[in-house]
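The values are calculated or read from the model by the stated rules, or taken from the named source; none is laboratory data. It should be emphasised that the depicted structure is a prediction, and the values quoted were computed from it without experimental measurement. Ideal geometry is used to build each Cβ from the backbone, glycine not excepted, and the neighbour counts take in all protein chains shown.
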Amino acid sequence: MLTNRKSVTGLVVLGLFALLAALADVVAPYGPLEKDYTALKQPPSATHWLGTTHLGEDIFSQIAYGTRGVLLVGLTAGVLATVVAVVVGVSAGFLGGWRGESLSALSNVFLVLPALPLMIIVASQYDDPSLFLVAAVLAITGWAWGARVLRAQTMSLRSRDFVQAARANGEPLWRIITVEMLPNLTAVIASSFVGTVTAAVLGLTTLAFIGVIPITNLNWGTILYWAQQNGAFPDFWWWYVPAGLAIALLGAALSLISFGIDEYVNPRLRSAGERARSRKRLQKKRTKRSPA
Amino acid sequence: MNRDPVLSVSGLSVTYDVDPPVEAVRDVSLTVGQGEVLGLAGESGCGKSTLAYAVQRLLRPPAEITGGEVVLHDVGGSDVDLTVLPAAEMDRLRWDQIAMVFQGAMNSLNPVLSVGDQLADVFTRHRPAMRRAERTETCGALLEMVGVGANRLRSYPHELSGGMRQRVMIAMALALRPRLLIMDEPTTALDVLVQREILQEISRLREELGFSVVFITHDLPLLLEISDRIAVMRAGRVVETAPAADLYRHPQHEYTKRLLGSFPSLTGERGDFVRKGGVTV
Amino acid sequence: MRLLLRRAAFYLFTAWAAITINFFLPRMLKGDPVSAYLQKNQGRISPEAADALRTLFGLDTGKSLAEQYVDYWALLFSGDLGRSFSHGLAPVTEVIGAALPWTVGLVGIATVLSFLLGTTLGTLVGWFRGGRGDVIVPVATFFSAVPYFWMGLIAIAVFATGLGWFPASHAYGKGTSPELSAQFIGEVIAHGTLPALTVVLASLGGWVLGMRNMMITVLDEDYVTVAQAKGLSRRRVVFAYAARNAVLPQLSSFALALGFIVGGTLVMELVFSYPGVGKLLLDATTAKDYPLMQGLFLVITLTVLVANLCADVAYAALDPRTRQGES
């Protein structure tokens, strides 16, 4: 799976963002809120790679520092949501009966509830939510999808022979789940984690853009909020284009990683690539022997 | 028993273009005569199904035909090499001259279309002049012919039992009265009683309609029962071809002998098969 | 039949859960702006309206939680969702009722269009796998990661302000009042094009990719080989045999994506100042108009539920196996 071109590309891009976040102090030429009153609303130049805001703040530095907020919240939300999803989903799939059904009903309810309105209402309650709180809110709305997928996978695993054998052997429940089943669920868990992080990143930046999350939390959405509030549209493109692009790039990288996992799990997608290359070779030979 | 050949395969080779390449079929030659049943026997992975697909040009990349020819002998006397036929003409020939009953009817029927629809689209494609009422009637008759019943025209595949689905596949294959029917393990997934019914059905239909059959299976004793001639395949090659009785009594090739000896007999001492290595001919 | 009953039971349960969550929501919120508001506006609010607000917000401390809950349900059944603070004490139902059609109309049409277009494209790309169409994978991936609101902002900057092709905001021109005239309808279409286009473009990528993957999986199935063996036309094989089966899981994910779609359009309405329920919610949040917020949450949730139900019905219509009662 690690040799898959798609997931490698995704991992590289993600890695670059992570580096940017970690080394923001070193890479960014200015502090994110450092104001330079001599250079207001300047287009990109040698001194300010991505230009400046209406207060003379360096946009590149803002993006660099903003990466921290995005990645921290995104990853935390992803971890929280995945933990809940694993606990609920695997239990629901394994237990069956009324307990399994009610856990399943619980995750279905959360799945159908529209996330953003709920997030808006909850987030607007707090004047200065900590990063963790924001992540928690995102996790609450995002765990249900993974739980549902995990439940389906667990149910299909439960009836497999090796699990039956373990049960017949009298293995304790916790051991069956952790030792026998979880390793088989890794790919699904990984895929759901990546998906949740993506949703969390989008959710965070959206909430920041709306202004529901206070501006003390610097992330790419906040940059866009300021941009919109201070009349960046449409002329000062350097202010609003990079932030959005950054979101899209990170999201795309995460999606690519997710595809890599998907292709690993679904061998048909993988072999579709092999067959495609073979087709091209056949077409080059221009043989009339292949069916249309 | 000399019959006019319906299909002649000469030197056919099929390779899977993977790394390293796999030669699934190597230089295979055989003929199918008018109205005869040719059994194709061999263990899993010997290339029987690949051969069947190659003959009909149903191979998908990375598999490709790397040599040989497949000649269909037309009633009028003209011969057609299927391997070089343009796609459009091949499509017209499909099902009309050569039809196939696939292994595992479970997955061979489209789950979202009714049985009647799947029978009808053969006619829509190959007999466009037919009108709807006539099509429905013909499909109904087909279902009656295989013993499923015309009342099942609007049923969906998941509503039918395994045996019924296989019969539907047979009905579908015979819809255009092809000259050659290729059957790939048609009864392997069914229980023995249903198996027997299906085989009887096929025999009856063959007598009625006179088509030739290539019957592919790993079950050699079954072939001994129903085939006129049998070709034994191993690792992509045909190692022996002979009339059924001859193959049973005087197998020439080592592999054929081993294959024959792998099936327990109903006669002989109990335990002979396992302990002594079974029946030798 | 059994399946339908199970699904109906699920929807009823979820509706109940949503309403109950809605009941608890204000009680979990900090502060008590409603009491303050009531005290400030003693004279202007009718006793019934004040009572309704108290029930909705759990301010009648005289009653037990259970009694409050019952009262709440009674209120809902009588169609009273309270009064909106920021809309001159107009009934919340009225305020929402004015905004809902805009959202459902725009988003509904745009989403269905996006689904149809994306599914068709995905079918073709999936069928011609390995061909030139595969370039769509990275393109679609990128586009599906682009946040709605950002795309909307760019669209306004380029097409509205820049090129002047479309109006930049609102659903119809200022000064025009809603009526069934050609001019009004023309304005609605003009104003709605850009937002709709944004929604379509932003969500298209996801559908294309999903359908492509499903097609690739389905094309390996035996019944597709059989269809080709029968010499059927390529069109029939692609659509009646492959796509018909591949689209089923897509429908399921469509139903599940509805909640996400609602979120995205919320922000889109902010960007375009489109007078739908999304903008209403955001304005209500800023104005701390709790009755409106609570009412909106309920309505939005119930709308999503109904949309889910519709998608479920569509699925059952397309997949004959569900009619058997298999879950």
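Run down C:Gly130, C:Gly205 and say which single residue is in contact with a Ser or Thr (Cβ under 9 Å, 6 or more places away or on another chain), of a type outside the set (A, V, I, L, M), under 22 Å from C:Leu256 (Cα atoms) and within 14 Å of chain A (Cβ to nearest Cβ). Walk me through how you get there before you give the answer.
Details: C:Gly130 fails: under 22 Å from C:Leu256 (Cα atoms).
None of the other options fit; the residue is C:Gly205.
Please pick out the residue among A:Gly142, A:Gly146 that is crowded, with 23+ Cβ neighbours inside 10 Å, within 13 Å of chain C (Cβ to nearest Cβ) and farther than 28 Å from C:Leu292 by Cα.
Values: A:Gly142 fails: farther than 28 Å from C:Leu292 by Cα.
Answer to the check: A:Gly146.
Out of the strands (runs of 3 or more DSSP E) lying entirely within the range B:23-89, which hold 1 or more residues that are at the interface with another protein chain (Cβ under 10 Å from one of its Cβ atoms) and in contact with a helix residue (DSSP H, G or I) (Cβ under 7 Å, 6 or more places away or on another chain)?
Here the list reads B:63-73.
Yes or no: the range A:74-95 includes at least one residue that is at pLDDT below 85, under 25 Å from A:Leu250 (Cβ atoms), part of a helix (DSSP H, G or I) and of a type outside the set (Lys, Arg).
Scanning the range A:74-95, I find no residue that is at pLDDT below 85, under 25 Å from A:Leu250 (Cβ atoms), part of a helix (DSSP H, G or I) and of a type outside the set (Lys, Arg), so the answer is no.
Restricting the range C:57-73 to residues that are surrounded by fewer than 16 Cβ atoms within 10 Å (Cβ to Cβ) and assigned to a loop (DSSP other than H, G, I, E, B), which is modelled with the highest pLDDT?
Applying the filter and picking the extreme gives C:Ser64.
State all residues of the range A:22-63 that are within 16 Å of A:Phe236 (Cα to Cα) and loosely packed, with under 13 Cβ neighbours inside 10 Å; if no residue qualifies, say none.
The answer is A:Ser45, and nothing else.
Write out, first by first residue and then by second, each pair whose Cβ atoms fall under 6 Å of each other, whose residues are 6+ apart or on separate chains, and whose first residue, in the range B:132-156, is in contact (Cβ under 8 Å) with a residue 40 or more places away in the chain while the second is hydroxyl-bearing (Ser, Thr, Tyr).
That search, which allows pairs on different chains as well, returns B:Arg154/B:Ser114; B:Tyr156/B:Ser114.
Look through the range B:42-70, keep the residues that are of a type in the set (A, V, I, L, M, F, W, C) and at pLDDT 90 or above, and return whichever of them is nearest to the chain's Cα centre (by Cα).
Among them, the one singled out is B:Ala52.
Kindly establish whether A:Phe209 is crowded, with 21+ Cβ neighbours inside 10 Å, more than 14 Å from chain C (Cβ to nearest Cβ) and in a helix (DSSP H, G or I).
When the stated conditions are applied, A:Phe209 does not pass them.
Quick one: count up the residues across the range B:120-153 that are within 10 Å of chain C (Cβ to nearest Cβ) and either under 23 Å from B:Gly104 (Cα atoms) or aliphatic (A, V, I, L, M) (or both).
Of all residues in the range B:120-153, those within 10 Å of chain C (Cβ to nearest Cβ) come to B:121-122, B:124-126.
Those still in the list that are either under 23 Å from B:Gly104 (Cα atoms) or aliphatic (A, V, I, L, M) (or both) too: B:121-122.
Here the count works out to 2.
A:Ala166 - would you say it is more than 13 Å from every other protein chain (Cβ to nearest Cβ), surrounded by fewer than 20 Cβ atoms within 10 Å (Cβ to Cβ) and closer than 28 Å to A:Val70 by Cα?
Taking the combined requirement at face value, the residue does not satisfy it.
Does the range C:276-296 hold any residues that are at the interface with chain A (Cβ under 9 Å from one of its Cβ atoms), crowded, with 21+ Cβ neighbours inside 10 Å and within 20 Å of C:Ala49 (Cα to Cα), and which are they?
Correct list: C:Met293, C:Gln294, C:Leu296.
Kindly evaluate B:Thr136 against the criterion of being closer than 28 Å to B:Ser29 by Cβ and of a type in the set (Ser, Thr, Tyr). Give the steps one after another, and end with the answer.
Numbers: closer than 28 Å to B:Ser29 by Cβ: no; of a type in the set (Ser, Thr, Tyr): yes.
Here the answer is no, as B:Thr136 does not meet what is asked.
Can you tell me which condition C:Val224 does not meet? The list is (1) at pLDDT 85 or above; (2) of a type in the set (A, V, I, L, M, F, W, C); (3) not in a helix (DSSP H, G or I), and all the others hold.
The number of the failed condition is (3).
For residues that are buried (at least 24 other Cβ atoms within 10 Å of the Cβ) and small (Gly, Ala, Ser), tally how many sit in the range B:97-123.
So the answer is 3.
I'm trying to understand the selection: among the residues of the range B:94-108, which are aliphatic (A, V, I, L, M) and either facing chain C (nearest Cβ under 7 Å) or in contact with a Phe, Trp or Tyr (Cβ under 7 Å, 6 or more places away or on another chain) (or both)? Steps first, answer last, please.
Of the range B:94-108, the ones aliphatic (A, V, I, L, M) are B:98-101, B:105-106.
B:Met100 - this is the single residue of the range B:94-108 that is aliphatic (A, V, I, L, M) and either facing chain C (nearest Cβ under 7 Å) or in contact with a Phe, Trp or Tyr (Cβ under 7 Å, 6 or more places away or on another chain) (or both).
Residue by residue, here is whether (1) surrounded by 24 or more Cβ atoms within 10 Å (Cβ to Cβ); (2) touching a residue at least 12 places away in the same chain (Cβ under 8 Å); (3) under 23 Å from A:Leu75 (Cβ atoms) holds:
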{"position": "A:Trp174", "(1), (2), (3)": "no, no, no"}
{"position": "A:Ile177", "(1), (2), (3)": "no, yes, no"}
{"position": "A:Glu180", "(1), (2), (3)": "no, yes, no"}
{"position": "A:Val188", "(1), (2), (3)": "no, yes, yes"}
{"position": "A:Ser192", "(1), (2), (3)": "yes, yes, yes"}
{"position": "A:Val197", "(1), (2), (3)": "yes, yes, yes"}
{"position": "A:Asn230", "(1), (2), (3)": "no, yes, no"}
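Here is a yes/no grid of residues against (1) among the polar types (S, T, N, Q); (2) at pLDDT 90 or above; (3) under 20 Å from B:Leu205 (Cα atoms):
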{"residue": "B:Leu93", "(1), (2), (3)": "no, no, no"}
{"residue": "B:Leu109", "(1), (2), (3)": "no, yes, no"}
{"residue": "B:Gln118", "(1), (2), (3)": "yes, yes, no"}
{"residue": "B:Thr136", "(1), (2), (3)": "yes, yes, no"}
{"residue": "B:Gly147", "(1), (2), (3)": "no, no, yes"}
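Any chance the range B:191-210 includes a residue that's touching a Leu at 6+ places or on another chain (Cβ under 9 Å) and either outside the structural domain of B:Ser49 (by TED's automatic domain parsing) or part of a loop (DSSP other than H, G, I, E, B) (or both)?
No, there is no match, as no residue in the range B:191-210 is touching a Leu at 6+ places or on another chain (Cβ under 9 Å) and either outside the structural domain of B:Ser49 (by TED's automatic domain parsing) or part of a loop (DSSP other than H, G, I, E, B) (or both).
Would you confirm whether or not the range A:42-53 contains a residue that is modelled with pLDDT of 80 or more and touching a helix residue (DSSP H, G or I) at 6+ places or on another chain (Cβ under 9 Å)?
Taking the range A:42-53 as the starting set, the residues that turn out to be modelled with pLDDT of 80 or more are none.
No.
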